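These notes are about the structure you will find just below.
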Amino acid sequence: MKSFNMLSGVIDFFNEFKQNKAGLVGLFILLACILIIIFESFIIPYKEASSRWRDINYWQDNAVSAPPVWVNFFKSEKAQVTEKIMPISVVTNDNQIITKFYYNYEADLSPLNIIYHSISSGDVSLKINVLRPDKKEINLVDNFYANLDNSDLRVSLFNDAKNRIFRFYRENVSRLFRNRIDINTNPISILFNVSDDEMATKFTPLKGEYIFTVTSSFTDNSKLKNIENPYFVIVGSVSGLMGTDNMKRDIFSGLIVGLKWALFIGMITSFFAVIFGVMYGIISAYFGGKVDAIMQFIFQIFVGIPTLPIMIVLAAVFKPSIWVIISLMIFFSWTGAVMTVRSMAMQMKEEVYIEASRALGASHTRIILTHLAPLLLPFSFSSMALAVPAFIIYESSLSLLGLGDATIVTWGQILHDAMKGSALLSGLWWWIIPPGIFIAILGMSFAFVGFALDKILHPKLKVR
């Protein structure tokens with residue numbers, strides 16, 4: 001019977017919650033955030049973004065400060081999108097592995113680089129050729145790599161094929177145009193350019209199918225002879241849903257990874273701060289007299305402390321971890337619910353059932369935990385929801401100033417890196433606006449839910 005009454009109460013509560021449209025919007029956003037966190041590994045393109053956010057080598061195949069891919073929709077000339085090309089055929093002989101890759105080039109702007117990757121073992125002689133749509137073939141790479149032991153073999157055509165591509169240029173232009181190559185000439189743009197005398201100064205895309213052939217030859221004395229997971233990365237001038245920063249990091253992956261920290265910091269800090277504040281208000285009201293006077297004096301001291309400036313000073317001095325930051329926020333921010341809970345508890349402690357409990361010999365602890373706290377917990381739910389945005393802003397503010405925990409990925413850390421990288425002056429709006437919007441949306445969702453809970457659980461705020 002008790003479980004039935006509880007279920008009925010939950011149904012009634014949800015029916016009343018559904019009447020508040022803003023609350024439903026906030027709840028939908030929070031549920032979407034939880035689903036994103038659960039399926040994070042399937043959503044982000046870079047699976048190790050959380051643990052290797054500051055590892056430069058992990059992001060080395062991306063373009064620097066590349067805008068999002070969807071900016072192509074607003075441009076007449078379509079930029080090349082960063083993408084991975086997998087092999088379509090692999091032929092293995094005694095001491096040789098031949099791998100073919102097809103790449104259909106349809107962009108209006110040239111790729112910035114082409115990078116070959118494989119996990120290789122042994123002494124490998126690597127040759128990379130490309131057959132262009134105009135049927136001209138270029139021998140791009142002919143290098144030898146010794147003593148590889150399941151090593152990540154990375155070959156950048158921008159660097160390793162530069163001389164051979166420039167040789168191709170000189171062989172296909174008139175004598176008068178052979179000296180037009182300078183230090184700023186991108187060899188990749190020549191690779192994808194129409195073969196004419198203006199190749200070095202004017203880019204006319206040679207669209208169509210490019211066939212890359214990678215020949216890996218092993219020496220007879222190689223104990224290990226293996227090539228695994230070969231692929232090409234076409235480095236384009238647009239990349240990802242949110243672009244990249246000046247460290248080549250994928251901003252979309254950073255935003256998704258930072259979501260769980262934003263929720264964790266906001267919710268765990270809000271939970272402990274509000275619970276402590278609620279219990280503080282109940283105890284102060286219940287005992288009254290000198291106990292109430294002393295507790296209210298302490299309360300007034302904490303109310304007068306400017307939380308954010310104090311936290312900035314402490315963070316600047318001690319360079320705390322995220323756990324210390326959370327503890328500091330709880331220590332300085334528990335005062336929000338105290339006075340409201342105290343006024344409600346002062347009325348409730350005079351009720352007949354409280355007097356009856358005292359007469360029956362119930363202890364103070366039992367009365368507080370059994371009779372007063374359960375009735376005031378519903379109020380704490382709305383207070384928790386309303387407090388979450390403030391704590392998310394506190395952490396983001398500290399990180400923005402460079403005083404957060406640099407070992408984790410948070411939206412504040414992303415904004416801090418954007419500030420250090422002069423993103424605003426460089427016009428890298430995709431590095432600044434998305435984290436700010438995410439902070440605003442998440443804070444707004446908790447505020448919507450909190451206001452809805454306030455109207456339902458606080459009788460004075462109900463609208464009949």
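Quick notes on this structure:
- Odd one out for Ile37, checked against (1) in a strand (DSSP E or B); (2) touching a Leu at 6+ places or on another chain (Cβ under 8 Å): (1)
- Inside the range 66-97, residues that are surrounded by fewer than 16 Cβ atoms within 10 Å (Cβ to Cβ) and not in a loop (DSSP other than H, G, I, E, B) make up a count of 11.
- Selection of the range 309-361 for residues being among the hydrophobic types (A, V, I, L, M, F, W, C), surrounded by fewer than 16 Cβ atoms within 10 Å (Cβ to Cβ) and within 29 Å of the chain's Cα centre (by Cα) yields Ile310, Val313, Ala316, Val317, Phe318, Trp323, Val324.
For (1) out of contact with any helix residue (DSSP H, G or I) (no Cβ under 7 Å at 6 or more places or on another chain); (2) over 21 Å from Met344 (Cβ atoms); (3) surrounded by fewer than 16 Cβ atoms within 10 Å (Cβ to Cβ), each residue gets a yes or a no:
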| residue | (1), (2), (3) |
| --- | --- |
| Ile234 | yes, yes, no |
| Lys248 | no, yes, no |
| Phe271 | no, no, yes |
| Val278 | no, no, no |
| Ile294 | yes, no, yes |
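- With respect to the conditions (1) modelled with pLDDT under 90; (2) part of a helix (DSSP H, G or I), Phe28 falls short on a single one, namely (1).
- Restricting the range 411-443 to residues that are of a type in the set (A, V, I, L, M, F, W, C) and outside any helix (DSSP H, G or I) leaves a set whose member that is nearest to the chain's Cα centre (by Cα) is Ile432.
- Selected residue (only one of Ser41, Ser89 is without any contact (Cβ under 8 Å) to a residue 12 or more places away in the chain and either more than 24 Å from Leu153 (Cα to Cα) or not assigned by TED's automatic domain parsing to the domain that holds Ser110 (or both)): Ser41
- Qualifying residue in the range 113-131 (condition: in contact (Cβ under 8 Å) with a residue 12 or more places away in the chain, of a type in the set (Phe, Trp, Tyr) and closer than 17 Å to Ser216 by Cβ): yes
- Test: Ser110 is crowded, with 20+ Cβ neighbours inside 10 Å, at pLDDT below 95 and closer than 20 Å to Ser189 by Cα: yes
- Restricted to the range 132-145, and to residues there that are closer than 18 Å to Phe218 by Cβ and of a type outside the set (A, V, I, L, M), the residue that is modelled with the lowest pLDDT is Tyr145.
- Some residue of the range 158-172 being assigned to a strand (DSSP E or B) and buried (at least 19 other Cβ atoms within 10 Å of the Cβ): no
- Take the conditions (1) surrounded by fewer than 19 Cβ atoms within 10 Å (Cβ to Cβ); (2) over 21 Å from Lys207 (Cα atoms); Leu148 misses just one of them, which is (1).
The values are calculated or read from the model by the stated rules, or taken from the named source; none is laboratory data. Being a predicted model, the structure only gives us computed values, none of them experimental. All Cβ positions, glycine included, derive from the backbone under ideal geometry; neighbour counts span all protein chains shown.
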